[in-house]
């Protein structure tokens, strides 16, 4: 039995089925928090600018990059992620995007079939991302690292849920799946904190160890 059979069955007659399944399979393959060399800040700024546009955020932010090398860094990253989640602009933008997708699902089918498919995709993506992200921090004894897996899983779940209604979102003014753009950062190993109160887009990463 395919672990995504429930989603497949609920999306059987919808044009987004293949996109959703591709997203779910891709989430399972993500190597969360993988060590990397020093990121290119210029390229990251371009990615972040695209993310802000996708979320309909109309102000500019500067990318700020920090490293995860010890337990205290993970705790700082988690605290920053919580603070960003409570920051008015970032919180409102994420909520607006998710609400738009939820509304689209309700509008798409009076029998709630699309909504059921969306919920199934949300659950499947969360489970897949949680497993992958949890494995990435399994050796970490500190709670902050495990909390990072939770954050990653929720962004992945929202990306998949959005894909369920991605065929009708452009007509509602949403050209791109903003959560999928966020997932691209997670996929490259970043801990994505988001927009802070002082208009920074904060990212953490695990630096590769130099060979002795």
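No lab work stands behind these numbers, since they all come straight from the coordinates. This one's a predicted model, so the numbers in the text were calculated from it and none came from an experiment. Here the Cβ is made from the backbone with ideal geometry for all residues, glycine too, and neighbour counts use every protein chain on show.
Would you list 94, 158 from fewest to most Cβ contacts within 10 Å? Please list the in-between numbers first.
On the way: 94 21, 158 24.
Sorted ascending by nearby Cβ count, the order is 94, 158.
What is the chain's relative contact order, in percent, from Cα pairs under 8 angstrom and six or more apart in sequence? Kindly include the intermediate steps, with their values, before the conclusion.
Values: 316 pairs, mean separation 79.6, N = 212.
In percent, rounded to a whole number, it is 38.
What is the distance, in nm, between label points placed 7 Å from the Cα along the Cα-to-Cβ direction at residue 60 and at residue 88?
2.2 nm
When Cα Rg over 2.2 N^0.38 Å is calculated directly from the model, which label among (1) 0.96; (2) 2.62; (3) 1.02 fits?
Of the listed options (1) 0.96; (2) 2.62; (3) 1.02, (3) comes from this structure.
Size of region 1-40 along its principal axes in angstrom, Cα-based, largest extent first?
Here the Cα extents, ordered largest to smallest, are 45, 23, 8 Å.
For 56, 188, which order do you get if you count the other beta carbons within 10 Å of each Cβ and list the fewest first?
56, 188
Once you place label points 7 Å from the Cα toward the Cβ at residue 75 and residue 29, how far apart are they in nm?
The answer from the label model is 3.8 nm.
Which one of 88, 120, 133 has the biggest mean-square fluctuation once the chain is modelled by GNM with Cα springs under 10 Å?
Per the Cα network of the chain with a 10 Å cutoff, 88 tops the list.
In degrees, nearest 10, range 0 to 90: what is the angle between the Cα axis of helix 41-54 and the longest Cα principal axis of the chain?
Helix 41-54 and the main axis of the chain meet at about 30 degrees.
Output the 0 to 90 degree angle, nearest 10, between the alpha-carbon long axis of helix 17-28 and the longest principal axis computed from the alpha carbons of the chain.
It is inclined by approximately 20 degrees.
Determine the percent antiparallel among the DSSP beta bridges restricted to the chain, to the nearest 5.
In the chain, DSSP labels about 35 percent of beta bridges as antiparallel.
To the nearest 10 degrees, how steep is helix 71-86 against the longest Cα principal axis of the chain, on a 0 to 90 scale?
Its long axis makes an angle of about 40 degrees.
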